[in-house]
Amino acid sequence: APAIERMRRCRMIVRYGIGVDNVDLEAAARRGIAVVNVPDYGVQEVADHTLGLILAVVRKIPQVVQQVKRGRWDIAPLPPIFGLEGKTLGLGGFGNISRAVAKRAQSFNLQVIAHDPYAPDAWFEQWNVERVGWHELLARSDVLSLHLPLVEETRHLLNREAFARMKPTAYLINTSRGGVVETEALLEALQLGRIAGAALDVLEEEP
């Protein structure tokens with residue numbers, strides 16, 4: 001709001017990306033400034049990055065790299081490592097990025113399920129993705145990938161209750177917004193072994 005209040009000639013704020021949670025919409029509205037986004041920005045790049053994170057966390061690539069740097073060479077250094085074929089990828093949200101992730105995941109023979117109360121049934125049919133409820137998504141996913149905007153209904157959606165519903169062998173991927181995940185609940189879930197791991201492109205609090 002303080003930045004927007006100093007704008008004297010501004011007519012429009014363009015968010016160079018998809019989400020607008022980093023713009024004070026109420027302050028802009030008071031000044032009569034339109035706020036728009038770029039809905040197709042970075043779709044393919046974020047989908048690629050999501051698959052990279054899935055592979056890294058499931059195959060434990062960063063941990064193995066660190067072991068090799070420390071001089072430990074082992075054919076199976078960090079068991080268990082499971083293959084992706086036949087596993088279930090759950091998608092939280094089914095927008096442009098999520099659908100691009102689904103397309104890539106299916107080439108790994110992952111079964112893809114998704115939850116999005118706002119997406120039309122036609123999208124699920126077109127991409128051969130099973131539509132499920134939120135609790136079913138949590139319970140069935142071997143890998144849960146989040147592609148959600150940060151709004152009041154999604155803030156801390158991944159909380160203690162959500163982690164308790166997930167498989168202890170499941171992995172969490174977040175390339176959407178850090179605030180969708182309750183940080184303390186995630187740390188607790190990892191420390192207590194309620195989930196197997198997480199790969200985060202975003203954090204709830206960033207420098």
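The values are calculated or read from the model by the stated rules, or taken from the named source; none is laboratory data. Keep in mind the model is a prediction, meaning the values are calculated, not measured. Heads up, the Cβs are rebuilt from the backbone with ideal geometry, glycines too, and the neighbour counts pull from every protein chain shown. SASA here: full protein model, heavy atoms, side chains in, ligands and nucleic acids out. Shrake-Rupley method; radii C 1.70, N 1.55, O 1.52, S 1.80 Å.
Below is a table of values for the structure above.
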| quantity | calculated |
| --- | --- |
| Over the stretch 1-80: Kirkwood hydrodynamic radius from C-alpha pairwise inverse distances, Å | 16.5 |
| Accessible heavy-atom area order of Asp116, Asp201, highest first, probe of 1.4 Å | Asp201, Asp116 |
| For the chain, size of Cβ-based charge dipole, Lys and Arg +1, Asp and Glu -1, in debye | 500 |
| Asp48-Phe108 pseudo-label distance in nm [points 7 Å out on the Cα-to-Cβ vector] | 1.6 |
| Volume per residue that the Cα convex hull of the chain spans, once the total is divided by residue count, Å³ | 147 |
| Solvent-accessible surface (1.4 angstrom probe) belonging to Leu84, in square angstrom, nearest 10 | 20 |
| Difference of contour (0.36 nm per residue) and Cα-Cα distance, Ala139 to Leu190 | 16.7 nm |
| Bins of 10 Å, starting at 0 and running to the largest distance - Cα pair percent for the stretch 120-205 | 18, 50, 27, 5, 0 |
| Simple spin-label estimate for Glu125 and Asp21 in nanometres, 7 Å along Cα-Cβ | 3.2 |
| Difference of contour (0.36 nm per residue) and Cα-Cα distance, Arg59 to Arg72 | 3.0 nm |
| Projected-area mean, the stretch 144-188, by convex hull of Cα positions, square nanometres | 2.9 |
